[in-house]
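Input: one structure, supplied below.
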Amino acid sequence: MFEQLKKLAMIGIGGTALAMDKVSEYVDELVSQGKLTVEEGKKLTEELIQSKKEEVSEKDRAEIESVLLEMNIAQRKDIEQLEQRIQELETELSKDKED
């Protein structure tokens, strides 16, 4: 169970690291060709890396949710709904005891 989650996390980390390397190489090439200034290159690299991180985070989150659903593990929202329902039932019970 946790091995699957670890593998998903490692795939995401590896993909992000590879993407960052490729982005840096590409931007360095543009700077060396004079198509970008060093400052523009830094800014572009940061923007592309941030964009990739957000994309990977969304994909990872979706994959992890899918694995958790397949494994039938309660998620935080499920637990919160159950806690709310318990609170409602306890309130009803105390009202019934008062009557």
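The values are calculated or read from the model by the stated rules, or taken from the named source; none is laboratory data. Just so it is clear, the model here is predicted, and its values are computed rather than measured. Here the Cβ positions follow ideal geometry from the backbone for every residue, glycine too, while neighbour counts run over all protein chains shown.
Based on this model, can you work out whether Lys43 counts as surrounded by 12 or more Cβ atoms within 10 Å (Cβ to Cβ) and at pLDDT below 85?
Here the answer is no, as Lys43 does not meet what is asked.
Do we find a residue being within 29 Å of the chain's Cα centre (by Cα), modelled with pLDDT under 75 and either part of a helix (DSSP H, G or I) or at negative phi (or both) anywhere in segment 25-37?
No, there is no match, as no residue in segment 25-37 is within 29 Å of the chain's Cα centre (by Cα), modelled with pLDDT under 75 and either part of a helix (DSSP H, G or I) or at negative phi (or both).
Follow-up. Among the residues of segment 50-62, is there at least one that is outside any loop (DSSP other than H, G, I, E, B), modelled with pLDDT of 80 or more and surrounded by fewer than 15 Cβ atoms within 10 Å (Cβ to Cβ)?
Checking segment 50-62: at least one residue is outside any loop (DSSP other than H, G, I, E, B), modelled with pLDDT of 80 or more and surrounded by fewer than 15 Cβ atoms within 10 Å (Cβ to Cβ).
Could you check how many residues of segment 52-70 are without any contact (Cβ under 8 Å) to a residue 12 or more places away in the chain, among the charged types (D, E, K, R) and closer than 29 Å to Val23 by Cα?
5
Check segment 71-92 and report whether any residue there is of a type outside the set (Gly, Ala, Ser), within 29 Å of Asp21 (Cα to Cα) and surrounded by fewer than 10 Cβ atoms within 10 Å (Cβ to Cβ).
no
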